[in-house]
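Step one of this worksheet: look at the structure below.
The values are calculated or read from the model by the stated rules, or taken from the named source; none is laboratory data. Note that this is a predicted model, so its numbers are computed, not measured. Note that we place each Cβ from the backbone using ideal geometry, even for glycine, and neighbour counts take in every protein chain shown. Quick note on the areas: whole protein, heavy atoms, side chains included, nothing else; ligands and nucleic acids left out. Shrake-Rupley method; radii C 1.70, N 1.55, O 1.52, S 1.80 Å.
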Amino acid sequence: MKKNNLIYSTAILALSTLLLSACSTTAKKSTSSDSKPKVSKVEKKKAPKQIAGGKLQDGVYKLVEDNYFNGYKVKVSMTVKGGKVTDTSYDNVDKNGKSKAKDTKYEAQMKKYSQAKIGPKEYIPKLQKSFAASGANSSAIQVVTGATSSSNTLKNYVNQLTQAAQKGDTATIHINNNKKMKDGTYKLAEKNYSHGYRQVLTMVIKKGKISDFTYDQVNKKGVSKTKNAAYEKQMKKVNKVGPKEYIPKLQKEFIKAKGNTEKVQAVSGATESSHSFIAYAEQLINAAQKGKSGTINVDNIVYQE
């Protein structure tokens, strides 16, 4: 308990004004209308002010999956000029470089079994357009109904491109997708705090399977957001759910799904947090697929709201 009631009241007031964004915190395949990935210029609109996180260094940053899934693999790129994202590309291509968006058979099959009646012809351009508008702000990329997995994977890959751009590392990022995870301990930790908290994840792989996994959002003292009764009360008032519920639920679902993020459902009222969690979990899986153990230190960008 805080002794100073004035400080406590002020904290509650500030907390309540931030709750809508606090309810949240990265696709399997992607896009282009021809053999070359489509490049989109970022729409000219006022970008949110960055208040934490390393600045982007100029260059062209690329990411590619090394293995094909259902005949396709994802290719993503991001161009930075003057410290800002100016061009983006996102596509799902076959061995001939042809976009999945042009595959009429795939389109028909996916639409047949999709409740959202959507296929790559629709979701790939939507994700590309959202990526172009959002730039390095992966949380702003809209999740396309019926293509949630592809949307979250794009968020993951944009995160990785952003991390490379902060370092100025223009070497192509290779994703060893759909491969068995290698034994080791894999960690990911955000550096910067948003609303007083940062995300931390740890995954232990033994005999190619997840033997232990932990996820939390902690403050500067290392105390979990689930312990913040005031935050819980205020968030629940607005969103009907708080960190005491959604943080352990996401962790439990990931373990139950044995790392299959497609089976991890976004928690209602904590959608953004759910998608951010999935993106980071996928990045840990990518690290395990390469056997690159250790800690991924994310100089996460925090935007003013």
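Within the bounds of the range 255-266, is there any residue that is buried (at least 16 other Cβ atoms within 10 Å of the Cβ), among the hydroxyl-bearing types (Ser, Thr, Tyr), more than 30 Å from LYS167 (Cβ to Cβ) and at pLDDT 95 or above? Among the residues of the range 255-266, not one is buried (at least 16 other Cβ atoms within 10 Å of the Cβ), among the hydroxyl-bearing types (Ser, Thr, Tyr), more than 30 Å from LYS167 (Cβ to Cβ) and at pLDDT 95 or above, which makes the answer no.
Determine whether the range 156-171 contains at least one residue that is touching a strand residue (DSSP E or B) at 6+ places or on another chain (Cβ under 7 Å), at pLDDT 95 or above and surrounded by fewer than 18 Cβ atoms within 10 Å (Cβ to Cβ). Looking for residues that are touching a strand residue (DSSP E or B) at 6+ places or on another chain (Cβ under 7 Å), at pLDDT 95 or above and surrounded by fewer than 18 Cβ atoms within 10 Å (Cβ to Cβ), one finds at least one in the range 156-171, hence yes. Here ASP212 meets each of (1) surrounded by fewer than 17 Cβ atoms within 10 Å (Cβ to Cβ); (2) farther than 16 Å from LEU250 by Cα with one exception, condition (2). Checked against the criterion of being at pLDDT 95 or above and of a type outside the set (D, E, K, R), the range 45-52 has at least one qualifying residue. The numbered conditions (1) of a type outside the set (Lys, Arg); (2) in a strand (DSSP E or B); (3) open to solvent by less than 10 Å² (accessible area, probe 1.4 Å) are all true for THR79 except (3). If you go through the range 189-209 and pick out every residue that is assigned to a loop (DSSP other than H, G, I, E, B) and more than 21 Å from PRO243 (Cβ to Cβ), you end up with 2. Residues in the range 59-107 that are over 18 Å from GLU122 (Cα atoms) and acidic (Asp, Glu): GLU65, ASP66, ASP87. Look at (1) within 24 Å of VAL64 (Cα to Cα); (2) open to solvent by 50 Å² or more (accessible area, probe 1.4 Å); (3) in a strand (DSSP E or B); (4) not acidic (Asp, Glu) and you find that TYR186 fails only one, number (2). Restricting attention to the range 47-74 and to residues that are within 12 Å of ILE173 (Cβ to Cβ) and out of contact with any Ser or Thr (no Cβ under 9 Å at 6 or more places or on another chain), the residue that is most open to solvent (accessible area, probe 1.4 Å) turns out to be ASP66. Mind checking which residues of the range 267-288 are crowded, with 19+ Cβ neighbours inside 10 Å and more than 11 Å from the chain's Cα centre (by Cα)? Correct list: VAL267, ALA270, LEU284, ILE285, ASN286, ALA287, ALA288. Those helices (runs of 4 or more DSSP H) of the range 210-305 in which 2 or more residues are of a type in the set (S, T, N, Q) occupy 229-239, 271-290. Candidates LYS105, LYS95, LYS117: the one that is loosely packed, with under 15 Cβ neighbours inside 10 Å, more than 17 Å from VAL158 (Cα to Cα) and either within 21 Å of the chain's Cα centre (by Cα) or at pLDDT below 95 (or both) is LYS117. Taking residues in the range 235-251 that are open to solvent by 70 Å² or more (accessible area, probe 1.4 Å), and partners anywhere that are part of a helix (DSSP H, G or I) and at pLDDT below 95, the pairs with Cβ atoms closer than 9 Å and at least 6 places apart or on different chains are LYS237/SER16; LYS237/LEU19; VAL238/SER16; VAL238/LEU19; VAL238/LEU20. With respect to the conditions (1) in contact with a helix residue (DSSP H, G or I) (Cβ under 7 Å, 6 or more places away or on another chain); (2) in a loop (DSSP other than H, G, I, E, B); (3) of a type in the set (A, V, I, L, M, F, W, C); (4) farther than 28 Å from VAL80 by Cα, VAL144 lacks only one, and its number is (4).
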